[in-house]
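Below is one structure, written out as structure tokens; comments come after it.
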Amino acid sequence: MKKLTGFILASLFLIACATVPIQDPVCPQEGSWICEKSTELNVQPEQVYGWIYDAAAIAVITDVIKLKEICEFEQEIADWYIRMYPISYDAFITEMFSKISSLDPQKMMLIKNIINRRLVAYKSPALISEVDDIILRKGHVAFQRDMMCY
């Protein structure tokens with residue numbers, strides 16, 4: 001009888017957990033252009049990060065770009081961002097693309113794919129909000145960790 005009762009309670013707990021909607025770990029966040037735009041585009045910010053990470057990882061695995069170059073490129077943008085903040089979303093995206101133009105043509109094309117043209121949908125003349133600043137800084141740390149940029 002105890003086993004049956006335990007089984008029923010465990011089953012009810014699992015059913016209750018299954019019916020509770022899983023919340024996106026990043027969004028929604030009040031005051032976030034990134035969350036607002038992601039909802040409009042019907043994607044999660046983590047999905048955009050996934051596109052960038054996957055493109056970077058494939059470029060490294062196929063030996064087209066060295067891991068060190070990807071890490072240095074991303075770190076250079078992160079350093080610029082920290083120096084310049086507060087800045088607009090437009091300025092941040094424009095800076096990423098301007099850094100690309102200093103690379104050789106083959107690498108330029110790959111880095112453009114890494115940044116991904118879909119990021120242009122996140123352009124806005126508004127200043128990056130404090131909430132989005134936190135999201136962007138966490139994204140930098142996650143990228144550095146996932147790409148093993150030590």
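The values are calculated or read from the model by the stated rules, or taken from the named source; none is laboratory data. Predicted, not measured: the structure shown is a model, and the values here were computed from it. Cβ coordinates were reconstructed from backbone atoms using ideal geometry, including for glycine residues, and neighbour counts include every protein chain displayed. All accessible areas refer to the heavy atoms of the entire protein, side chains included, with ligands and DNA or RNA removed. Shrake-Rupley method; radii C 1.70, N 1.55, O 1.52, S 1.80 Å.
Divide the volume of the convex hull around the Cα atoms of region 36-136 by the residue count and you get 96 Å³ per residue. Each distinct pair of alpha carbons in region 110-150 adds a 1/r term; the inverse of their mean, the Kirkwood radius, is 11.9 Å. Of the residues 26, 122, 136, the one whose Cα sits farthest towards the positive end of the charge dipole of region 15-137 is 122 (charges of +1 on Lys and Arg Cβ, -1 on Asp and Glu Cβ, taken about the Cα centre).
Amide H to amide H distances under 5 Å link residue 88 with 128, where only residues 5 or more positions off or on other chains count and H is placed in the peptide plane.
Atom-type composition of the exposed protein surface of region 95-150 places 62 percent of the accessible area on carbon and sulfur (1.4 angstrom probe).
For the pair residue 102 and residue 146, the difference between a 0.36 nm per residue extended length and the Cα-Cα distance amounts to 13.3 nm. Inter-label distance, residue 116 to residue 79: 2.6 nm, where each label sits 7 Å from its Cα along the C-beta direction. Near residue 53, once Lys and Arg are set to +1 and Asp and Glu to -1 for all other residues with Cβ below 12 Å from its Cβ, the sum equals -3.
The value for region 80-150 of Rg(Cα) / (2.2 N^0.38 Å) is 1.16. Note on exposure: 132, 90 ranked by accessible area (1.4 Å probe, complete protein assembly) read 90, 132, with the most exposed listed first.
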